[in-house]
Every structure is written in C-alpha cells, then in structure tokens.
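The values are calculated or read from the model by the stated rules, or taken from the named source; none is laboratory data. In this text, all values refer to a predicted model and were calculated from it rather than measured experimentally. All Cβ positions, glycine included, derive from the backbone under ideal geometry; neighbour counts span all protein chains shown. Heavy atoms of the whole protein, side chains included, go into the accessibility calculation; ligands, DNA and RNA do not. Shrake-Rupley method; radii C 1.70, N 1.55, O 1.52, S 1.80 Å.
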Amino acid sequence: MPGIFDKKIFNEEVFGGYVARIPNTKRNALIKSKAIRPRPDLATAMKDGGGGNFISTQLEGLISGSKPQNYDGQTDMKSSNLETFNHSRVVVGRMNSWTEKDFTKDITGGKDFMESIAEQVSEYWSEIDQDTILMILRGIFSMKGAANVEFVAKHTADITKVTNSEGKAGYMDATSLNTAMQRACGDNKASFTMALMHSVVATDLENLKILTYLKYTDKDGMERNIGLATLNGRFVLVDDDMPAEIESSTGEVNGKYTIQITTAGVAEDTISIGGEVYTIGAETSCSAKTIAVGSSATTQAAALKTVLEEQFDGIFTVTSSGDTVTLTQINGGIGELPTVKATGTMTISIKNPTPGAFPVEKIRYTTYVLGDGAFEYTDCGATVPYEVDRDPKTNGGQDTLYSRQRKCFAPFGISYTMKRQATASPDDEELAYGPNWTLVSTVNKDGAEKYISHKSIPIARIISYG
C-alpha cells in the first residue's frame, strides 16, 4: 500500500477499513466470544465530545416475582407497575502511537516496518479490549456492600480447598463447572453458555478425558480439532490471558558439587567425572583428556577446573580454590551432579553435595463462566481514530501512526458508579476498583433501594489450582 502513510493523501476511513480486514491470529478468546453482545444503538449517546462518557439505560424488571391477591369476591384488587432498574455504563478511551524512521527502511533492504505496524493494529486493540474486560471482571468480584458481596460470594466457587473426585485438592473435575453454575444462578444456570480458562486448567481436564474438543473433517478426509472444546455442555475457550496468580513459591536451588583432591595423583592415574575419564599426564599443561601432573593437589585442582569448564559449559560454573574444585549449577535442576571416581595414587573426597531444584510455584487460576450477552459492547468512536504525521527533520525523517478508540463494555445487571475516577476515561486500576461497581438497582415507593436478582446475571468464576 505505497503512499498510504503520506499525510497529504491519508484517508483514515480507508485505513480503518484496511485495519478491519487484517486477519486476527492471537486468541483473545473473550473479546471474540458470544459473551460480548453489540449495542450499536447506544453509540449516538456516547459520541466523542457530546458529554457521553457516562450514560444510564433502563433494565426492565419482571412481573413474575409479585405476589397474587386472593380472589374472593370481597377483596379489592391492588395494581402494581413494572419496575425498571437503572444501568449505568462508562466509556473507556485508549490511545497509542508508533514511530518508524526512514533510515530503518534504508538499511533493511526496503522493509516497510510502518506497514507491518498497520497490519497489527486491529489485533493490538483486540488485546487491549480483552484486558479491559478482565479489569472489569476483577472490579466486579471486588464489589462492596451487602447485596454486592452476596453476588460475589454466590458467583464464586473457590475449590482450592476442595478434594475432587480424583482425590486431588484444589483441582477441577467433571462436576466443578456444573456446581459453580448452579451456585451462581440456581435454576437459571442454563443462562451460562461458555467458560474461559487458562490452558493449564484445560490440560488437566483433558487428561481426565472430560474436556472434549470439537472436530471437523478437512478436504483430505482427516479429522482435526477446531480449538473449541465442551465441558458439561458448555463451550470452553482456552486463553492464557485468563488470571493466574502466584499463591506461594519455593526458590530455585542451584546444585553444588565439591571435589577435594586429598592426595595428588601421579602419571597414569585417572579420574572419572560424569562419564568422562581424564588421565594424569607427565606434561605440565592440560589437554582434552589429560590433566597436568604438577607437583601438588592445588596444581592438579586448577588443571582439573580447566577441563571441567569445557565439559560442563553452560551447565555448571567451575571454580577452584587450593586443592578443591566446585561445580555449581547455572540453572537449578538442570544438569545432574556428576559421579566422581579416582584410580591409582590419587584420592578424592566429595564434600556435602547439594542436589538442585527448579523453582516451584503454586498458582491460583481463575476460570470465568459467562452467558451470551454477559457484556454489552458499544463502539463509541473517536473524532479521529487514525492519523499519520510526517516529520522530515527528526532522525533524518520519520512517520508516526496515531490511533485512538472509545468503547463501552457494560456487564449485564451491574452498573458503573464513578466512585473513584480522576478523568473522563477510567484507567485499568479504576476499572478494577470494587466500589466503582454495583448491582443495578431501583428505588421502591417507600424509598428503599432494591437490587436486581443476582441469579439473573450470567457471570461467575471458579478459582482452582488446575
């Protein structure tokens, strides 16, 4: 697309269409799922510059919860009206820019890095959108207040202390998802349609043979997975951007092996280390399989250090001090501590060998369970979503691509309160701030606040180790 970045002919509408056509390759499973329901009808109220960064819409209540009156021929009928709940939502604005120098293209044989950036813009914003929704979910499950805390408790299944059907504490099994959905929404659990989980959790369920991947048959008659699985009749999307938080960890241990030459060797003595045999030679220098005889254990230890540095390059660091050689793992757990054996006059002593170990982390994974339309999405638009600036002076000439977006992701049945927000657009920390979210509510005739039933909100989470 030659010349598209020349600001004299740049057309941001054409560029926007170009960006939209670039195929997405990163998973971004949440942002692409049916859990996100478009609400383009709200875009007009949220137009940039129109004061529409925060709006409220109405959710209709149900008549099914009202109590019938006794029909006995002498009781007057009392009528009630349909309740409406106030649903407040906020627009999240984000922007970024990328700069490439002319000189970079000159020295790479004409590689147009700015074009490469343009090809990635759509996918980049999909990643940002998913991060935004995950911040909102974090905020939702940090809400305060009695009704909100009840939602958090009922819609959270923390199984880290529960022993599953396989006898493992803290791991999901065939019943975990179904139980979590019932706990959250009771007889309305059918409203849940999908789960989004980390690949560690999905792999554990695969190993139990309870997570089944959907398949298709290609043109050659080969059956292949399509990357979409099912569990308890719900679709499962696997994405490693799902929350994974370290609960505890043990540090890396670098194994150590100390060899002391207690009696110096003489010519033709041998020492075997990790399967390699070295001979004490008559020379005063060492070679690939020969260690200089020297006159003392200290001299032979220094010579041994030289040959072991080559044998264990990248696996152990090798040091010598006096009559002692020490091998220390560079990465804990990588490289077995070698067996050592001497023959002839030479005698050796092994000092307190320490086995190495990899660091071990205990990680809590969050699996989100959502229904279709769990979030309502509006692309609110920015006045200038894309533009390019040409700077012919700086660095000998460079182009900068600027990109802006304004989007609203509103969780069904949960309002944004703006309790803490410094500017017109909330940042990630403010989206994750619990008091900025509350169940939608209405005010009764007596002035009491009434909240929507938590069972109507198809948003839940499972916390597990796998």
Report summary line: Scanning region 64-96 residue by residue, those among the charged types (D, E, K, R) and modelled with pLDDT of 70 or more turn out to be Lys67, Asp72, Asp76, Lys78, Arg89, Arg94
Query - Single condition Val325 does not satisfy, out of (1) modelled with pLDDT under 90; (2) surrounded by 15 or more Cβ atoms within 10 Å (Cβ to Cβ) - result: (1)
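Go over the candidates Thr270, Thr284, Thr258, Thr290 one by one and state the one that is modelled with pLDDT of 90 or more, over 30 Å from Leu205 (Cα atoms) and in contact with a strand residue (DSSP E or B) (Cβ under 6 Å, 6 or more places away or on another chain). Let's see the steps before the verdict.
Details: Thr270 fails: modelled with pLDDT of 90 or more; Thr284 fails: modelled with pLDDT of 90 or more; Thr290 fails: modelled with pLDDT of 90 or more.
Going through Thr270, Thr284, Thr258, Thr290 in turn, just one is modelled with pLDDT of 90 or more, over 30 Å from Leu205 (Cα atoms) and in contact with a strand residue (DSSP E or B) (Cβ under 6 Å, 6 or more places away or on another chain): Thr258.
Looking for whichever is among the aliphatic types (A, V, I, L, M) and under 18 Å from the mean Cα position of the chain (by Cα) here; the options are Val121, Val200, Val152. Which one fits?
Result of the check over Val121, Val200, Val152: Val200.
For region 388-396, indicate whether the set of residues that are of a type outside the set (Lys, Arg) and crowded, with 17+ Cβ neighbours inside 10 Å is non-empty. Reasoning before the result, please.
As a first pass, look at region 388-396 and keep what is of a type outside the set (Lys, Arg): 388-389, 391-392, 394-396.
Adding the requirement that they be crowded, with 17+ Cβ neighbours inside 10 Å leaves 388.
Checked region 388-396: at least one residue is of a type outside the set (Lys, Arg) and crowded, with 17+ Cβ neighbours inside 10 Å.
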Query raised in the report: On the given criteria, is Ile140 β-branched (Val, Ile, Thr), buried (at least 21 other Cβ atoms within 10 Å of the Cβ) and within 21 Å of Phe412 (Cα to Cα)?
Result: yes
Query - Matching residues, region 116-126, being surrounded by fewer than 16 Cβ atoms within 10 Å (Cβ to Cβ) and closer than 9 Å to Ile31 by Cβ - result: none
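Can you tell which of Ile334, Ile350 is farther than 25 Å from Val238 by Cα, surrounded by fewer than 17 Cβ atoms within 10 Å (Cβ to Cβ) and free of Cβ contacts under 8 Å to residues at least 60 places away in the same chain? Working first, answer last.
On the way: Ile350 fails: free of Cβ contacts under 8 Å to residues at least 60 places away in the same chain.
Step by step, each of Ile334, Ile350 is checked, and only Ile334 is farther than 25 Å from Val238 by Cα, surrounded by fewer than 17 Cβ atoms within 10 Å (Cβ to Cβ) and free of Cβ contacts under 8 Å to residues at least 60 places away in the same chain.
Could you tell me whether any residue of region 98-109 is of a type outside the set (Phe, Trp, Tyr), at pLDDT 80 or above and farther than 28 Å from Asp41 by Cα? Break it down into steps so the answer makes sense when it comes.
Let us first name the residues in region 98-109 that are of a type outside the set (Phe, Trp, Tyr), namely 99-102, 104-109.
Pick out the ones that are also at pLDDT 80 or above and you get 99.
The next check asks that each one be farther than 28 Å from Asp41 by Cα; those that pass are 99.
Taking every residue of region 98-109 in turn, at least one turns out to be of a type outside the set (Phe, Trp, Tyr), at pLDDT 80 or above and farther than 28 Å from Asp41 by Cα.
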Requested in this report: Identify all residues within region 142-167 that are free of Cβ contacts under 8 Å to residues at least 12 places away in the same chain and assigned to a loop (DSSP other than H, G, I, E, B); write none if there are none.
Outcome: Lys161, Val162, Ser165, Gly167
Report summary line: Expected output for region 417-436 (first residue of a type in the set (Val, Ile, Thr), partner part of a helix (DSSP H, G or I), Cβ below 7 Å, 6+ apart or cross-chain) is Thr417/Pro435; Thr417/Asn436
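Being closer than 30 Å to Met181 by Cβ, surrounded by fewer than 18 Cβ atoms within 10 Å (Cβ to Cβ) and out of contact with any Ser or Thr (no Cβ under 7 Å at 6 or more places or on another chain) is the requirement here; does Ile363 meet it?
On the way: closer than 30 Å to Met181 by Cβ: yes; surrounded by fewer than 18 Cβ atoms within 10 Å (Cβ to Cβ): yes; out of contact with any Ser or Thr (no Cβ under 7 Å at 6 or more places or on another chain): yes.
Here the answer is yes, as Ile363 does meet what is asked.
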Requested in this report: Check off (1) part of a strand (DSSP E or B); (2) touching a Lys or Arg at 6+ places or on another chain (Cβ under 9 Å); (3) surrounded by fewer than 16 Cβ atoms within 10 Å (Cβ to Cβ) for Asn178 and give me the number that stays unchecked.
Outcome: (1)
Query raised in the report: Are any residues in region 405-420 within 12 Å of Ser56 (Cβ to Cβ) and of a type in the set (Gly, Ala, Ser), and if so, which ones?
Result: Ala410, Ser415
Query raised in the report: Quick one: how many residues across region 130-159 are at pLDDT 95 or above and of a type in the set (Ser, Thr, Tyr)?
Result: 2
Query raised in the report: Is region 45-63 home to any residue that is more than 36 Å from the chain's Cα centre (by Cα), modelled with pLDDT under 80 and open to solvent by 60 Å² or more (accessible area, probe 1.4 Å)?
Result: yes
Query - Residue satisfying all of: in region 208-231; on the phi > 0 side of the Ramachandran plot and open to solvent by less than 60 Å² (accessible area, probe 1.4 Å); modelled with the lowest pLDDT among these - result: Gly227
